[in-house]
Amino acid sequence: MNKRQRKKQAYKQYIRAIFEGYEKMLEDSSIKELHFSYLKETTYLERDDQGKIHFTTKEN
């Protein structure tokens, strides 16, 4: 497998993990925060005071 395919596969896993984490947060309201990293960016799933889930992506 070449470098481009590995990178593409890793990105797919990153996106899949974010959506699975989101589904997990929808099912279990006790989860307040989740973090996912890919290369130079990190995505945070966080709950606010009203229980709504927010996505935030930051570059490292």
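The values are calculated or read from the model by the stated rules, or taken from the named source; none is laboratory data. Remember, it's a predicted structure, so these values are computed and weren't measured experimentally. Reconstructed Cβ throughout: ideal geometry from the backbone, glycine too, with neighbour counts over all protein chains shown. For the accessible areas, the whole protein counts, side chains as well, though only heavy atoms, and no ligand, DNA or RNA atoms are used. Shrake-Rupley method; radii C 1.70, N 1.55, O 1.52, S 1.80 Å.
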State the percentage of accessible surface on segment 3-59 attributable to carbon and sulfur atoms; use a 1.4 Å probe and exclude ligands, DNA and RNA. 47
Whole-Hz couplings from phi, Karplus 6.51/-1.76/1.60, listed for segment 42-59; x for Gly and Pro: 10, 10, 10, 10, 9, 9, 8, 5, 8, x, 6, 9, 10, 9, 9, 10, 10, 8
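For segment 3-59, with only Lys/Arg (+1) and Asp/Glu (-1) charged at the beta-carbon, what is the dipole magnitude about the Cα centre, in debye rounded to 20? Display every interim value, and only then the final one.
Numbers: 13 positive and 10 negative charges, 151 e Å.
My answer is approximately 720 debye.
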With a 10 Å radius around each residue's Cβ, average the other Cβ atoms per peptide and rank 46-54, 28-36, highest first. 28-36, 46-54
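Using just the Cα positions, wrap the chain in a convex hull and report its mean projected area in square nanometres, one decimal place. Walk me through the intermediate numbers first.
Working: hull surface 17.5 nm².
Projected area, direction-averaged: 4.4 nm².
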On Cα atoms only, tilt of 3-27 relative to the major axis of the chain in degrees: 10
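Leaving out ligands and nucleic acids, and using a 1.4 Å probe, what accessible area per residue does segment 3-59 come to in Å²? Before the final figure, lay out the partial values.
On the way: 4700 Å² over 57 residues.
Spelled out: the 1.4 Å probe surface of segment 3-59, per residue, equals 82 Å².
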